[in-house]
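Scroll down for the structure; my scribbles are underneath it.
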Amino acid sequence: MRRSSSSSTTSRSRWLAAVACVLACVFATPTRVDARENCDGHNLTQFKRLADLRAVESPTLTGSFCVTQLSTKGVRGCSTLSESVSGELERLDPVGGDAPIELEGERVLLTTPGAWQRLMRQAFAKNDERSKELRTKVLGVLIEATDLSSELEREWAKGFAPGPAHESGKAGGFNGGVDAGSMDLRGVPMLLLDEDSTRIARKKALDNAKRREEGSGQIWRAEINERMSALGLKPRTDPPSSIKCLEAGTCLPIGGYSVVASVPPLKNANDGKDVILVVTRLDSDGFFRDSTPAVNHRMSGLITMLSVSRALKHFFQGLSDDEYGHPVAFMALSGEDFGKLGSDRIMREWVAKEASRLPGLAGRKVRAMIELGPLGFAPSYVGDAAPTLYVHGRHATRMLDRLEAIPSTFDYKVTVDRGVQEVSESSESTFEHLQSPSYEYAYISENPDGPLDEMSGTHLDAGIHRALNKERIENAVHVIANLVRSMTTEDTQASAPPTDMHAVKSTVFALEQCLGNEEVGLRRCPLGKQFVYGHEEHPGLTPREAPFTRYPNVLTHLSDNWAQHSDKNDLARFVWNYMADATSMTMSPRMCEADGKCATSGYVCVGRTDGDTGLCHESSPRYILALSTRLSFSEQDMKWKVRAPKDAVEVGAPLWTESNWSPTIGARLFVDDDGWNVTLWAMATIGALLAVLTFQQCAVRRTTKATKTKSSSKASSAKASVQGGERERLLG
């Protein structure tokens with residue numbers, strides 16, 4: 001029976017793979033143990049190219065870099081000063097502690113988050129002689145991914161501060177010792193490894209430790225290239241800044257788009273009604289830009305606000321214009337960690353005398369501001385006690401009285417308590433001059449002052465083992481929704497019906513799947529498909545949504561049309577669509593037009609995706625640019641422009657930017673081959689493979705020819721036999 005072409009190809013691939021493995025083992029030096037370890041049945045067919053062999057010899061490390069950010073006043077973050085640095089790989093003691101770090105020479109260090117914090121304290125947080133000496137030996141740092149399901153590794157997963165540390169008597173701030181987010185670490189590249197690279201690096205560091213102890217064998221080295229273009233060629237003698245790099249075109253501004261939606265949809269401000277603001281933050285700063293999940297730090301507040309807007313939808317739809325004592329504006333602010341970019345731009349549009357992009361809010365006063373911080377703490381760090389909502393702020397007294405009455409009225413499983421007056425992460429001051437005479441404020445969080453969760457705001461602020469407690473968020477939603485409703489209609493608590501328990505439960509669950517669960521994520525969750533991605537399956541998705549980050553945008557350009565979706569990130573688009581639907585006054589929406597527009601004025605198309613035309617809702621969501629008004633983009637030059645400041649806010653604007661990256665940014669592990677020329681090894685390998693392939697082809701041809709000859713001989717004999725039998729039959 002003749003073999004099929006695919007069967008022959010598969011056999012040939014396995015032959016080549018086997019030969020490749022054999023060659024890797026034969027030519028392997030004592031340090032090339034991975035080549036031999038990969039010669040098993042499972043990995044046999046993985047060796048298809050020379051590049052696969054080289055990957056074993058020099059594995060690439062992947063993860064999230066700490067990159068360089070520049071402001072008007074200086075630089076923070078990490079980089080290499082030349083194209084790359086390389087040094088011997090050494091792992092620090094995985095447990096943090098305070099024991100002095102001793103290095104025998106220059107090293108690229110492999111650390112757990114706890115050991116990384118220890119290194120930062122000893123080498124970078126101080127400037128004494130010992131710290132300076134230690135810094136000269138640290139060529140770069142690789143930070144390990146930690147498995148929080150492992151009891152041992154949970155001890156290594158210490159938090160660290162990506163921003164200002166918590167101050168006593170002040171809500172907000174970070175735990176973790178040093179403020180790593182403000183450090184100038186030029187010349188010290190740092191990479192947060194993913195899980196696969198962590199396993200590889202740990203093994204190589206262990207091999208190095210054994211060989212140093214034995215005094216023999218080649219040492220694994222790490223090479224890191226984290227060149228940042230904005231630093232220039234002489235960063236020490238010509239200090240860079242955001243203004244300089246924007247002029248040179250070597251950096252891009254950090255910013256994004258906030259989302260604002262009001263209920264009822266506001267068309268003018270002539271009714272004289274003051275507005276109630278419900279505010280949370282859309283994104284977060286992070287030391288490792290592509291690993292900024294901010295699940296507790298930011299997403300818990302966002303989930304709560306979106307759930308409140310949904311819980312009040314039918315109630316608001318049933319009110320007439322006259323029954324609204326105060327309209328409500330829901331705000332998800334972008335870029336607040338980079339100089340209050342979101343709130344400042346909204347305030348400027350609010351007070352604009354002409355052509356405001358917030359026509360329904362412009363001219364109104366603020367009756368109350370409800371700001372949402374971290375909520376829904378998991379039992380792993382608060383236990384099983386009923387949640388306590390702490391009410392922070394200088395103007396929180398009357399709001400506290402309102403909130404304390406709600407749980408007892410509706411029997412919710414939550415308590416309310418007074419917090420502190422100062423809030424470090426509040427946007428209240430931006431709207432200070434818009435406050436009405438009867439203004440009230442509350443920053444609501446489960447943090448009594450400092451963070452209960454020491455991982456909040458760090459790269460470890462995520463994970464199914466530290467998931468948000470949905471039941472606690474549900475209780476917070478009920479209380480806050482009733483607070484907003486009572487203030488909107490100026491009713492007493494007793495006269496307002498309770499929110500729908502089942503509806504809130506399903507809403508919180510659906511939003512947590514999208515915004516707080518990395519195993520599902522925005523791209524896979526039903527709401528994400530409904531509002532952003534469509535319902536078609538995406539076969540290319542990884543098991544987890546990667547990168548799972550809430551870092552704001554880095555703006556490559558700027559369009560005059562803020563309303564378009566195409567230049568917005570997925571999270572902003574999701575929030576826009578969700579809030580458009582939640583604040584809609586439409587009972588039975590109709591399909592959008594083919595061009596994605598709605599025929600009726602005041603209506604917007606919601607949920608338009610590649611596979612769905614969307615539905616028209618009477619709603620007023622707005623994208624508002626979160627970027628300093630000093631910056632503009634020139635379409636002619638394709639560059640960002642910086643103008644002189646015009647007011648005190650612009651004078652103090654930090655103008656944060658992110659450096660352009662080198663195209664070759666990356667990291668790898670390798671060994672120095674003193675007794676072996678890599679080029680000759682590669683040529684020998686290629687030659688051997690070609691020889692084997694030629695030999696195999698010749699063997700196949702010989703076998704095929706022999707088979708054909710044998711078959712032809714058998715056919716001739718059979719034909720002769722038949723002819724002889726036929727002759728005998730005729731003669732007989």
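The values are calculated or read from the model by the stated rules, or taken from the named source; none is laboratory data. Predicted model, so just to flag it, every value in this text is computed and none were measured. Note that each Cβ is placed from the backbone with ideal geometry, even for glycine, and that neighbours are counted across all protein chains shown.
Worth pointing out:
- Residue tally, condition surrounded by fewer than 15 Cβ atoms within 10 Å (Cβ to Cβ), more than 19 Å from D453 (Cα to Cα) and under 34 Å from the mean Cα position of the chain (by Cα), over region 380-414: 2
- Number of positions in region 440-451 that are over 32 Å from the mean Cα position of the chain (by Cα) and surrounded by fewer than 18 Cβ atoms within 10 Å (Cβ to Cβ): 0
- Exactly one residue out of L109, L142, L103, L148 is touching a strand residue (DSSP E or B) at 6+ places or on another chain (Cβ under 8 Å) and either part of a loop (DSSP other than H, G, I, E, B) or surrounded by fewer than 21 Cβ atoms within 10 Å (Cβ to Cβ) (or both): that is L103.
- Selection count where residues are in a loop (DSSP other than H, G, I, E, B) and either modelled with pLDDT under 80 or under 20 Å from the mean Cα position of the chain (by Cα) (or both), scope region 173-188: 5
- Meets criteria (modelled with pLDDT under 90 and under 30 Å from D581 (Cβ atoms)) for G255: no
- Region 99-135, residues that are acidic (D, E) and touching a Lys or Arg at 6+ places or on another chain (Cβ under 7 Å): E106
- Residue satisfying condition, being under 21 Å from the mean Cα position of the chain (by Cα), hydrophobic (A, V, I, L, M, F, W, C) and either under 30 Å from T657 (Cβ atoms) or not assigned by TED's automatic domain parsing to the domain that holds N553 (or both), within set F377, F338: F338
- Summed over region 646-670, the residues that are out of contact with any Leu (no Cβ under 8 Å at 6 or more places or on another chain), in a strand (DSSP E or B) and within 17 Å of R289 (Cβ to Cβ) give a count of 1.
- Qualifying residue in region 136-154 (condition: at pLDDT below 80, small (G, A, S) and farther than 27 Å from T68 by Cβ): yes
- Checked against (1) out of contact with any Lys or Arg (no Cβ under 9 Å at 6 or more places or on another chain); (2) assigned to a strand (DSSP E or B), S456 passes all but condition (2).
- From the list A510, A503, A462, A476, the one residue that fits, being farther than 22 Å from G325 by Cβ and assigned to a loop (DSSP other than H, G, I, E, B), is A462.
- Filter result (in contact with a strand residue (DSSP E or B) (Cβ under 8 Å, 6 or more places away or on another chain), hydrophobic (A, V, I, L, M, F, W, C) and either surrounded by fewer than 17 Cβ atoms within 10 Å (Cβ to Cβ) or without any contact (Cβ under 8 Å) to a residue 60 or more places away in the chain (or both)) within region 555-590: W562, A563
- Total residues in region 347-360, condition in contact with a helix residue (DSSP H, G or I) (Cβ under 8 Å, 6 or more places away or on another chain), within 20 Å of N561 (Cβ to Cβ) and either part of a helix (DSSP H, G or I) or not assigned by TED's automatic domain parsing to the domain that holds M305 (or both): 0
- L434 in the same structural domain as A362 (by TED's automatic domain parsing) and within 14 Å of N482 (Cα to Cα): no
- Members of region 97-112 that are of a type outside the set (A, V, I, L, M) and modelled with pLDDT of 90 or more: P100, E102, E104, G105, E106, R107, T111, T112
- Any hit, region 503-521, residues being within 28 Å of the chain's Cα centre (by Cα), assigned by TED's automatic domain parsing to the domain that holds M579, at pLDDT below 90 and surrounded by fewer than 15 Cβ atoms within 10 Å (Cβ to Cβ): yes
- Residue ID - modelled with the highest pLDDT, chosen from residues in region 322-342 that are farther than 22 Å from S182 by Cα and touching an Asp or Glu at 6+ places or on another chain (Cβ under 8 Å): H326
- Members of region 577-633 that are hydroxyl-bearing (S, T, Y) and assigned to a strand (DSSP E or B): Y603, T609, Y623, S632
- The residues on offer are P539, P543, and the sole one that is over 20 Å from the mean Cα position of the chain (by Cα) and at pLDDT below 95 is P539.
- Qualifying residue in region 361-373 (condition: aliphatic (A, V, I, L, M), over 21 Å from S438 (Cβ atoms) and either assigned by TED's automatic domain parsing to the domain that holds T489 or touching a helix residue (DSSP H, G or I) at 6+ places or on another chain (Cβ under 6 Å) (or both)): yes
- Set G611, G675: member being at pLDDT below 95, loosely packed, with under 13 Cβ neighbours inside 10 Å and within 24 Å of R523 (Cα to Cα): G611
- Total residues in region 555-576, condition under 27 Å from L319 (Cα atoms) and outside any helix (DSSP H, G or I): 0
So that you can scan it fast, the table gives a plain yes or no per residue for (1) exposed (fewer than 11 other Cβ atoms within 10 Å of the Cβ); (2) at pLDDT 65 or above; (3) out of contact with any Gly (no Cβ under 9 Å at 6 or more places or on another chain):
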position: E635; (1), (2), (3): yes, yes, yes
position: K641; (1), (2), (3): no, yes, yes
position: A644; (1), (2), (3): yes, yes, yes
position: V649; (1), (2), (3): no, yes, yes
position: A653; (1), (2), (3): no, yes, no
position: F670; (1), (2), (3): no, yes, yes
position: M683; (1), (2), (3): no, no, yes
position: Q696; (1), (2), (3): no, yes, yes
position: K705; (1), (2), (3): yes, no, yes
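- The set of residues from region 416-439 being assigned to a strand (DSSP E or B), touching a Pro at 6+ places or on another chain (Cβ under 9 Å) and surrounded by 17 or more Cβ atoms within 10 Å (Cβ to Cβ) comprises just one member, V416.
- Taking the criterion of being within 21 Å of M183 (Cα to Cα), in a loop (DSSP other than H, G, I, E, B) and of a type outside the set (G, A, S), the residues of region 237-282 that qualify are T237, D238, P239, P240, T250.
- Residues of region 250-281 satisfying the condition of being under 30 Å from V67 (Cβ atoms) and surrounded by fewer than 19 Cβ atoms within 10 Å (Cβ to Cβ): T250
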